[in-house]
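The values are calculated or read from the model by the stated rules, or taken from the named source; none is laboratory data. Because the structure is a prediction, the values reported are computed rather than measured. All Cβ positions, even for glycine, are placed from backbone atoms using ideal geometry, and neighbour counts span all protein chains on display. Each accessible area value is taken on the protein alone, full model and side chains, heavy atoms only, with ligands, DNA and RNA left out. Shrake-Rupley method; radii C 1.70, N 1.55, O 1.52, S 1.80 Å.
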Amino acid sequence: MENTTINFNTELTEEQISIRDTIREFAESKIRPVIMEFDESQEFPMEIMRQLGELGFLGILVPEEYGGAGLGYIEFATIIEEIGKVDPSISLSVAAHNGLGTNHICRFGNETQKKKYLPDLTSGKKIAAWGLTESVSGSDAGGLRTTAEKKGDHYVLNGSKTFTTHGTVGETLVIMAITDKSKGKKGISAFILEKGMEGLIVGKKENKLGMRASDTTQLTFENCKVPAENLIGEEGEGFIQAMKILEGGRISIAAVSVGLAQGALSASVKYVGERKQFGKHLSEFQAIQFKLADMSMNVEAARLLTLRAAVMKDKGQPNTKEAAMAKLFASEIAEKAANEAVQIFGGYGFIKDYPVEKFYRDVKLLTIGEGTSEIQRIVIARDLLKD
Ligand SMILES: Cc1cc2nc3c(=O)[nH]c(=O)nc-3n(C[C@H](O)[C@H](O)[C@H](O)COP(=O)(O)OP(=O)(O)OC[C@H]3O[C@@H](n4cnc5c(N)ncnc54)[C@H](O)[C@@H]3O)c2cc1C
């Protein structure tokens, strides 16, 4: 059992600072004023996504030749954190669009697929969705049941997906399905689907506790005809591809978590300087100061773990354990931070006029999506015990 040693600079470069400032300004001016509108209505913020596309934030990891920004995971995490500080649900959508569907095509698609699909995704003209989870297979993702049968020049998909982020609004979808049942996980393949394909049925949009601006929808495939050229890579490579995509996705969920925790902390610091009880500002009570100190320490530690996983990913180093640690730690401290923030706000923390009420609802997804906390612990322990 060895400790991972990696040298990395925790200071952002000038270019990274400029990217951070651009997205910070966008989140404050364009997202903050409309957060509750989208939260209440559960409407997907399409216009905001289009604007994010114009700024280059929907093709973060995609090379410039396909219309992307050609950046790495440090920039990805920085952008996601900044949006997460203001609105975790839009941050989640940006994370999923970039890190899952778009990234799957970018990493494993062939040249024709990349040229055909990526420019519309990076510009925000189309939104990406990524379907692995089914009603019978969540944590046990390899137990999925959707089938893809080859018939001449196309595959016929039958089955369904649950909890697909952007299942309703997504126009380009990456879907995992079984092409050879006898091979177990090695018989799972990945396909690019387009909205409007015969037999692709968009089902119920979920009514959620939090992350309500982010569209989460059931999908059904009824003899859905997908051209054979839409297979990503070779038959049987879909599960491994999906696991690699999730590894990067976990860094982005860690970044949403850091952003949410920082947002809860910043709101709390402001509030304790305004609110008075017993003739004193809340900031003067040591019990409150301790909460802020713990929140701040946890946010810093989570950001460092996230950055470390991002640096390793950018360097092409194995980072399964590090991404799992970042996602696990950051999402769990974010949960604590949101809880403490509501406590610090007292009754006002329970009211929708203050930002911490929404953080408290949004945060729960972060210990569940892209692998629950229990699954992250399994991944970390497996790595520790593998020798
Ligand atoms: C808002 C939202 C968006 C999502 N977006 C997407 C998406 O875009 N694409 C997609 O494919 N999926 C998506 N998901 C699905 C998500 O990844 C799953 O919900 C998650 O992986 C957990 O699966 P499950 O819900 O079936 O829970 P289950 O797997 O049924 O787990 C239930 C509980 O049992 C625990 N458990 C399960 N197995 C073990 C074990 N071996 N040891 C210990 N404990 C265990 C879990 O940790 C959990 O606490 C989304 C989910 C939500 C809620």
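The antiparallel fraction among DSSP beta bridges confined to the chain stands at about 85%. The accessible-area ordering, largest first, of the residues ARG20, ARG32 stands as ARG32, ARG20, per a 1.4 angstrom probe. With the whole protein complex present, THR122 retains an accessible surface near 0 Å², based on a 1.4 Å probe.
Extending 7 Å from Cα along the Cβ direction at GLU54 and again at ARG382 yields two label points whose distance is 4.4 nm. Accessible surface area normalised per residue over the stretch 249-302 is 45 Å², counting heavy atoms of protein chains with a 1.4 Å rolling probe. One quarter of the convex hull surface built on the alpha carbon atoms of the stretch 259-308 amounts to 3.3 nm², the projected area averaged over directions. Residues LYS195, LYS181, sorted by accessible area with the largest first, give LYS181, LYS195 [1.4 Å probe; ligands and nucleic acids excluded].
LYS205 contributes an accessible area of around 80 Å² to the protein surface, as traced by a 1.4 Å probe with all chains present. Pairs of Cα atoms nearer than 8 Å and 6+ residues apart set the relative contact order; for the stretch 36-97 it is 21 percent.
Taking label points 7 Å from Cα along the Cα-to-Cβ direction, GLU284 and LEU12 give a separation of 3.7 nm. For the chain, the carbon plus sulfur part of the accessible surface works out to 51%, probe radius 1.4 Å. Solvent-accessible surface of the stretch 189-244, averaged per residue with a 1.4 angstrom probe and all protein chains in place: 43 square angstrom.
Within the stretch 9-115, the percentage of alpha carbon pairs spaced more than 22 angstrom apart rounds to 32%. Note on the stretch 139-219: with charges restricted to the Cβ of Lys and Arg (+1) and Asp and Glu (-1), its dipole about the Cα centre is near 300 debye. By the compact-protein rule of thumb, 2.2 N^0.38 Å, the alpha-carbon radius of gyration of the chain corresponds to a ratio of 0.99. To test your reading of the geometry: what angle, between 0 and 90 degrees and rounded to tens, separates the Cα axis of helix 238-272 from the longest principal axis of the chain? Rounded to the nearest ten degrees, it is 20. Taking all protein chains together and rolling a 1.4 Å probe, TYR348 ends up with roughly 100 Å² accessible. Heavy-atom accessible area, probed at 1.4 angstrom with all protein chains present, ranks MET297, MET325, MET312 as MET297, MET325, MET312, highest first.
Take every pair of alpha-carbon atoms less than 8 Å apart whose residues are at least six positions apart; their mean separation over the length of the stretch 92-138 yields a relative contact order of 45 percent.
Reducing the stretch 294-319 and the stretch 322-387 to their Cα centroids gives an inter-centroid distance of 15 Å. Quick one: angle between helix 320-345 and the longest Cα principal axis of the chain, in degrees between 0 and 90, rounded to 10, please. With rounding to tens, the tilt is 40 degrees.
Solvent-accessible area per residue in the stretch 55-136 equals 28 Å², computed with a 1.4 angstrom probe and all protein chains kept. Measure nothing but the geometry: give the 0 to 90° angle between the long axis through the Cα atoms of 286-314 and the longest principal axis through the Cα atoms of the chain, rounded to 10°. Rounded to the nearest ten degrees, it is 30. Per residue, the average separation of C-alpha pairs within less than 8 Å and at least 6 apart gives the chain a relative contact order of 17 percent.
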